[in-house]
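One structure below.
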Amino acid sequence: MEEILVHGGRPLFGKLEMPTAKNSILPILAAAVLTRDAVCIHRAPFLQDVETSMQLLAALGCPAVRAGQDLLLSCDGPVGDTVPRPLMAAMRSSIYYLAPMLVRAGRARLSFPGGCRLGARPIDIHLEGLTAMGARVTARGDLLECDAPHGLHGVRFHLRFPSVGATETLMMAAAAARGETVLTGAAREPEIRDLANFLNACGGRVTGAGSSKIVIRGGRLHGCAYTPIPDRITAQTVLCAGAACGGEILLERVPFEPIRPMARLLTQAGCRLRRLDHDRVELVSDGRLTALGTLSTGVYPAFATDAGPLLAAAMLTARGTTRLRETIFTNRFGCAKEFARMGADLDCRGNLLSIRGVPALRGARVEAGDLRGGAALVIAALAAQGESRISGVEYIRRGYEDIGEMFGALGAAIGRSAQPERETTAAGR
Ligand code: UD1
């Protein structure tokens with residue numbers, strides 16, 4: 001079993017360039033199925049979820065190949081109508097293929113998507129929106145059969161919750177549907193705007209992305225070359241680690257707006273954060289943080305749910321009490337019991353995590369149970385005294401290319417106990 005080994009207690013110093021956002025490239029890869037032309041995605045990160053997407057694309061008859069940092073796709077032949085169950089189970093983002101399959105194959109057969117265990121993650125808004133656009137949906141157990149006997153048509157649809165995934169599903173469907181679609185109550189995350197920019201680079205006509213009203217005029221899409229945006233969650237992972245461990249970190253390729261709530265909170269906790277220019281941020285911390293009182297996660301532009309566990313990790317040794325309320329998922333703080341193994345003093349009731357800062361954490365054997373919770377354990381281990389061993393690395397690898405290499409570049413003593421299988425694939429990139 002692979003583990004991440006950390007000898008904590010060292011400050012972090014250095015410069016890092018942020019990779020491409022997982023949450024941007026995954027829907028964009030699915031959206032590439034909408035066109036028969038070649039699509040080239042630049043700066044494609046070597047993430048497990050990207051590998052899973054490539055397997056899924058291959059299963060649909062749309063092989064994607066790597067050329068260094070680029071991913072080249074072509075969906076010029078017939079597109080399959082079935083996603084194998086293991087690929088649906090491997091990640092939540094498999095659901096992004098539903099709309100493109102309906103468009104290209106006229107039907108889709110799949111099981112409900114898996115992904116991180118953050119609580120119930122229904123897809124009812126995706127399905128309601130597609131139904132309003134002319135799709136027929138039948139669920140049998142955990143099997144889902146959809147078809148669109150008369151094709152998809154434009155619609156006015158209100159999302160009763162600004163779901164990121166549902167907004168993206170409906171944008172993809174609408175971009176290839178007949179007529180105009182108006183989505184209200186849409187999610188406003190930067191990754192939504194990025195998907196709109198990709199669709200527009202393919203000849204789509206999407207306006208308003210980034211606001212809660214998105215207008216999409218359907219039509220035929222062509223191929224393009226596209227570079228998705230940088231990963232704001234990876235940036236916040238590094239900032240929280242720097243805040244907790246102390247040190248000086250320069251982050252490059254990180255637009256400030258998406259990380260503004262985190263920057264404000266870390267400043268309040270006692271760090272110095274400076275926005276150097278449009279995409280560079282500097283953090284200076286002496287590692288002695290002050291607790292933040294009560295705060296909540298929320299939909300964009302509020303403090304992001306994915307960043308909750310990361311900030312919690314930094315607050316474990318802050319002076320005073322931090323109460324963090326999660327408002328999006330029902331089980332965001334699965335990492336709390338693992339924090340406790342490292343000597344943290346906390347209490348997790350439902351969606352409320354209360355942290356009373358302790359003077360120091362001690363290294364321990366802990367297990368990641370989801371992606372961001374796993375990254376949070378790495379942050380806690382970097383700040384702790386002594387050795388930590390983190391298992392459940394497969395969760396972390398879904399969203400971080402090589403978290404050990406990333407923090408190693410900042411001077412952390414971090415490594416792996418066994419070589420991951422992916423190592424051979426990534427070699428020579
Ligand atoms: C995306 C992100 C994830 C982030 C989340 C919220 C990707 C690949 N993942 O996930 O990192 O944490 O946004 O910012 O982009 N919901 C419904 N019905 C639906 C869809 C969602 O009730 O049909 C609920 C979910 O159960 C959850 C909430 O809406 O409680 C948010 O989900 P959603 O915004 O859809 O998250 P994802 O797209 O899965």
>> On the basis of being free of Cβ contacts under 8 Å to residues at least 40 places away in the same chain and either away from the ligand (no atom under 13 Å from the Cβ) or open to solvent by 60 Å² or more (accessible area, probe 1.4 Å) (or both), does P78 make the cut?
In response: yes
>> Condition first: surrounded by fewer than 23 Cβ atoms within 10 Å (Cβ to Cβ), over 23 Å from Y395 (Cα atoms) and polar (S, T, N, Q). Now tell me which residues in the range 308-345 satisfy that.
In response: T321
> Tell me, which residue of the range 184-193 that is crowded, with 24+ Cβ neighbours inside 10 Å and assigned to a helix (DSSP H, G or I) is nearest to the ligand (Cβ to nearest atom)?
Replying inline: E191
> Are any of the residues in the range 250-261 under 26 Å from R160 (Cβ atoms) and either surrounded by fewer than 24 Cβ atoms within 10 Å (Cβ to Cβ) or among the aromatic types (F, W, Y) (or both)?
Replying inline: yes
> Filter the range 113-135 for residues that are more than 11 Å from the ligand (Cβ to nearest atom), assigned to a loop (DSSP other than H, G, I, E, B) and surrounded by fewer than 19 Cβ atoms within 10 Å (Cβ to Cβ); which is modelled with the highest pLDDT?
Replying inline: G114
> Which of the residues belonging to the range 194-220 are outside any strand (DSSP E or B) and open to solvent by 20 Å² or more (accessible area, probe 1.4 Å)?
Replying inline: N197, N200, A201, G203, G208, G210, S212, G219, R220
> Can T35 be described as buried (at least 23 other Cβ atoms within 10 Å of the Cβ) and touching a Pro at 6+ places or on another chain (Cβ under 6 Å)?
Replying inline: no
> Which one of these does I28 not meet: (1) more than 13 Å from the ligand (Cβ to nearest atom); (2) part of a helix (DSSP H, G or I)?
Replying inline: (1)
> Name the pairs: first residue in the range 371-390 and of a type outside the set (A, V, I, L, M, F, W, C), second residue within 16 Å of the ligand (Cβ to nearest atom) and in a helix (DSSP H, G or I), Cβ to Cβ under 6 Å, at least 6 apart or on different chains?
Replying inline: R372/D306; R372/P309; G373/P309; G374/Y395; G374/I396
> Which of the residues that make up the range 136-183 are modelled with pLDDT under 95, more than 22 Å from V33 (Cα to Cα) and not in a strand (DSSP E or B)?
Replying inline: G141, D142
> Pairs under 8 Å by beta carbon, first residue more than 16 Å from the ligand (Cβ to nearest atom) and of a type in the set (S, T, N, Q) in the range 316-342, partner in a strand (DSSP E or B) and open to solvent by less than 40 Å² (accessible area, probe 1.4 Å), six or more apart or different chains?
Replying inline: T321/G293; T321/S354; T321/I355; T322/G293; T322/L295; T322/S354; T322/I355
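If we keep just the residues of the range 92-112 that are open to solvent by less than 10 Å² (accessible area, probe 1.4 Å) and among the hydroxyl-bearing types (S, T, Y), which is modelled with the highest pLDDT?
Step by step, filter the range 92-112, then rank; the result is Y97.
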> Would you pick out the residues in the range 282-315 that are within 11 Å of the ligand (Cβ to nearest atom) and of a type in the set (S, T, Y)?
Replying inline: T297, Y300, T305
> Do you know which residues across the range 167-218 are among the basic types (K, R) and free of Cβ contacts under 8 Å to residues at least 60 places away in the same chain?
Replying inline: R178, R193, R205, K213
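Going by the conditions given, is L60 within 16 Å of the ligand (Cβ to nearest atom) and crowded, with 16+ Cβ neighbours inside 10 Å?
Values: within 16 Å of the ligand (Cβ to nearest atom): no; crowded, with 16+ Cβ neighbours inside 10 Å: yes.
No; evaluated as a whole, the condition is false for this residue.
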>> Filter the range 160-183 down to the residues that are more than 8 Å from the ligand (Cβ to nearest atom), under 13 Å from T131 (Cα atoms) and under 22 Å from the mean Cα position of the chain (by Cα) and list them by number.
In response: T169, L170, A173
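The values are calculated or read from the model by the stated rules, or taken from the named source; none is laboratory data. Given the structure is predicted, the values throughout are model-derived calculations rather than measurements. Neighbour counts run over all protein chains shown; Cβ positions are idealised from the backbone, glycine included. All accessible areas refer to the heavy atoms of the entire protein, side chains included, with ligands and DNA or RNA removed. Shrake-Rupley method; radii C 1.70, N 1.55, O 1.52, S 1.80 Å.
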